[in-house]
Amino acid sequence: FIFVTHSMGGLVVKEAIRTAQNFPQYQTIIKQVQGIVFLSAPHTGIHLDNLIQNIGFLTKLTVNVEELKRHSSQLRDLNEWYQQNVEKLGIKTEVFYETRPIEKAKKVLVVDEDSANPRIKDVKPVAIRADHNSIAKPRKNDLVYLSVKKFVKKNLVALPTRQELESTYLRPPHSQNIM
């Protein structure tokens, strides 16, 4: 699996992997996760006060949005877990962040460069000339699209063919000569 996530979706994938580690029946699935691409994921939260003042439609906060407050203990804990486990799990990471505010936000970025950076060794977040919504809707010639395509090709390990699987797992048991 390679997950391409946007915003809070990146946090959901990290939490799902962390939770799955505690269940033996999910170990095989975790081993299949080869990469995660984060598009404007708020690893350390967002500045809710600035955002709420500038976007009228966010006046009612949900529990999920409340948990996205800058430097919340839950986000800090999740990000620290990811930093400590991503290499051990063999998960490659690619990060993109928005550089333009959404029109209604009046110069406020939803996820700024600092929050988009999960601080993973050898992972350099890439600035994209897009807002929080359009970064997840790239065209075929956009940097995000081309980079994600390259990331997938580079990191997606080829699965065994059906014939290889059958020859490995469906071999008849050794027949014994009975005389």
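Here r is the Cβ-Cβ distance between LYS140 and GLN34 and R0 is 41 Å; the resulting FRET efficiency, rounded to 0.05, is 0.95. Taking the average, over residues, of other Cβ atoms within 10 Å as the packing measure, peptides 2-8, 146-152 rank 2-8, 146-152 from highest down. The residues of segment 102-159 expose, per residue, 74 Å² of accessible area to a 1.4 Å probe.
When the accessible area of segment 89-146 is computed with all protein chains present and a 1.4 Å probe, what percentage of it is carbon and sulfur? Roughly 48 percent of what the probe reaches on segment 89-146 is carbon or sulfur.
VAL33 sits among other residues whose Cβ lies under 11 Å from its own Cβ, and their net charge, with Lys and Arg +1 and Asp and Glu -1, is +3. For GLN21 and LYS153, the difference between the fully extended length at 0.36 nm per residue and the C-alpha to C-alpha distance is 44.9 nm.
The values are calculated or read from the model by the stated rules, or taken from the named source; none is laboratory data. Note that the coordinates shown come from a computational prediction; the quantities given were computed from them, not determined experimentally. Cβ atoms come from the backbone with ideal geometry, glycine included; neighbour counts cover every protein chain shown. Side chains are part of the model used for accessible areas, which takes the heavy atoms of the whole protein and leaves out ligands, DNA and RNA. Shrake-Rupley method; radii C 1.70, N 1.55, O 1.52, S 1.80 Å.
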